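Reviewing the structure listed below.
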Amino acid sequence: MRTKYIHTFEDIEKFKNQILIWAQQFDDVVWLDSNNYKQKYASYDAVLAVDAFTGIKTDYYEGFEKLKEYQTNANDWVFGYLTYDLKNDVEDLQSHNFDALEFPDLYFFQPKKLFLLKGDTVEIQYLNYVDDELEDDLKAIRHCEEARRGNPSNNIKIKLQIHKDDYFEKINSVLEHIHRGDIYEANFCQEFYAENTTINPLETYTKLNTISKPPFASFIKMYDNYVLCASPERYLKKEAQSVISQPIKGTARRSDDLREDEQLKANLLNDEKERSENIMIVDLVRNDLSKTALKGSVKVEELCKIYTFDQVHQMISTVKSTVEENTHPVDIIKSTFPMGSMTGAPKISAMKIIEALEETKRGLYSGAVGYFSPENNFDFNVVIRSILYNATKKYVSYSVGGAITAKSNPLKEYEECLVKAKAMREVLEN
């Protein structure tokens, strides 16, 4: 059981900064931040969960069944992540590519202390046996100094796992599969990395979030593993019996020149290739949601709508369904995982092809971060535009990808990857 408190703060942005600094003392931290981005389906502006009471950490084998059992028994708030490689639990697939990060495939915990922010109000929920710590915690939070926004890294040299010529060769291989009719579309990804590197995770996240301000930002600390995520994409949300998916397919750069920026936005909206990418994935998402949906309830609410963020314009669609009241939330996720926007169509064929062509194991990149509530609701993002860091191994990684279709031009795909990688590279190399 939890004790609940409501507090109002005059300067909520200052409080957000302070609480995230205060959280660094704990081994288990999940911070989710919408950056006040106006969106139809937001439940909270930000959420902080810290200090594990119970938890689960496992590889992909029977991962969803273990999560289902854990989430059912906890019957409480649980926070964590799902890596892309849980695909091997859903389908007869494998992941044998190089993995320098070595994050667990699945990780969730039940927090002792929880903060739910909406407007200038914070709902604080502490497990009963630690509720006597709240007053001291609030004092400690108020005394946290604002995080420094200086250079969070030193002399980081980013390397590529796939060099440009090899990238073109691999994209041409994907195109061969498409022309043969094996697939219609595949999301091909590549890793950028730095070895023997030490970063300050919170400073790095703060800088990445400041220049991106995405609606699905997250900071995760799991002992020595960190996720610094500036994602613009929602994977899946459940609210009562409604399920919402918002896949992104279609990216254009921003411009400081207002007229050019509007033109770039208009070009994206009318780009035949980008629209066909998006529509293919919408069809895939509709099919995935139909596995748990009530008959006739899957609807496309928005198709190929352009959303603007600080770094890029994105083409986003919104697909909704309705499920039975007693449908288990983990079953909904399992039946749609991994998300279509990061795989391709047909999904299984695309996953086999990209596994063979990609050089590194995706791990948490193109997985999901989020939470389950005690009411069996959930909300998860897509882990893109993110820096992953193993502090013990001193290994820093970020990956980017793009959807390859019959109309893809390898050079343009490569340039789009660089646009997506821009914020992470700026933050790391300053």
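The values are calculated or read from the model by the stated rules, or taken from the named source; none is laboratory data. Because the structure is a prediction, the values reported are computed rather than measured. A quick note on method: Cβ atoms are made from the backbone with ideal geometry, for glycine too, and the neighbour counts reach across all protein chains shown. These accessible areas exclude ligands, DNA and RNA; they are computed on the full protein's heavy atoms, side chains included. Shrake-Rupley method; radii C 1.70, N 1.55, O 1.52, S 1.80 Å.
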* List pairs: first in the range 255-278 and without any contact (Cβ under 8 Å) to a residue 60 or more places away in the chain, second assigned to a loop (DSSP other than H, G, I, E, B) and open to solvent by 30 Å² or more (accessible area, probe 1.4 Å), Cβ under 8 Å, 6+ apart or cross-chain? -> ASP261/ARG254; LEU264/ARG254
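For the range 95-115: of the residues being among the charged types (D, E, K, R) and either under 20 Å from the mean Cα position of the chain (by Cα) or at pLDDT below 95 (or both), which is nearest to ALA368 (Cα to Cα)?
From the range 95-115, those among the charged types (D, E, K, R) are 99, 102, 105, 112-113; that's our starting set.
So of that shortlist, the ones also either under 20 Å from the mean Cα position of the chain (by Cα) or at pLDDT below 95 (or both) come out as 99, 102, 105.
On the way: ASP99: 18, GLU102: 16, ASP105: 11 Å.
Only one residue fits best here, namely ASP105.
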* part of a loop (DSSP other than H, G, I, E, B), exposed (fewer than 14 other Cβ atoms within 10 Å of the Cβ) and at pLDDT below 95: does that describe GLU145? -> yes
* Would a scan of the range 36-52 turn up a residue that is under 21 Å from the mean Cα position of the chain (by Cα) and on the phi > 0 side of the Ramachandran plot? -> yes
* Structure fact -> Only unsatisfied item for ASP27, checking (1) open to solvent by 50 Å² or more (accessible area, probe 1.4 Å); (2) under 26 Å from THR336 (Cα atoms), is (2)
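Among the residues of the range 113-132, how many are in contact with a strand residue (DSSP E or B) (Cβ under 7 Å, 6 or more places away or on another chain) and assigned to a helix (DSSP H, G or I)? Don't jump to the end; show me each part of the working.
Within the range 113-132, the subset in contact with a strand residue (DSSP E or B) (Cβ under 7 Å, 6 or more places away or on another chain) is 113-117, 120-128, 130-131.
The next check asks that each one be assigned to a helix (DSSP H, G or I); those that pass are 128, 130-131.
Residues that pass the stated criteria total 3.
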* Please verify whether the range 269-281 includes one or more residues that are open to solvent by less than 60 Å² (accessible area, probe 1.4 Å) and closer than 16 Å to THR336 by Cα. => yes
* **Neighbours by Cβ (under 7 Å, 6+ apart or cross-chain): first from the range 311-329, within 19 Å of TYR371 (Cα to Cα); second surrounded by 19 or more Cβ atoms within 10 Å (Cβ to Cβ) and among the basic types (Lys, Arg)** => PRO329/LYS238
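Got a sec? Which strands (runs of 3 or more DSSP E) wholly within the range 178-247 have at least 3 residues that are open to solvent by less than 20 Å² (accessible area, probe 1.4 Å) and not small (Gly, Ala, Ser)?
Values: elements: 185-194, 216-222, 225-231, 234-239, 242-246.
It comes to 185-194, 216-222, 225-231, 234-239.
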* Mind counting the residues in the range 282-321 that are over 30 Å from CYS417 (Cβ atoms) and either in contact with a strand residue (DSSP E or B) (Cβ under 6 Å, 6 or more places away or on another chain) or surrounded by 20 or more Cβ atoms within 10 Å (Cβ to Cβ) (or both)? => 8
* **Residues satisfying the stated conditions in the range 66-106, i.e. open to solvent by 30 Å² or more (accessible area, probe 1.4 Å), part of a helix (DSSP H, G or I) and either free of Cβ contacts under 8 Å to residues at least 24 places away in the same chain or polar (S, T, N, Q) (or both)** => GLU69, THR72, ASN73
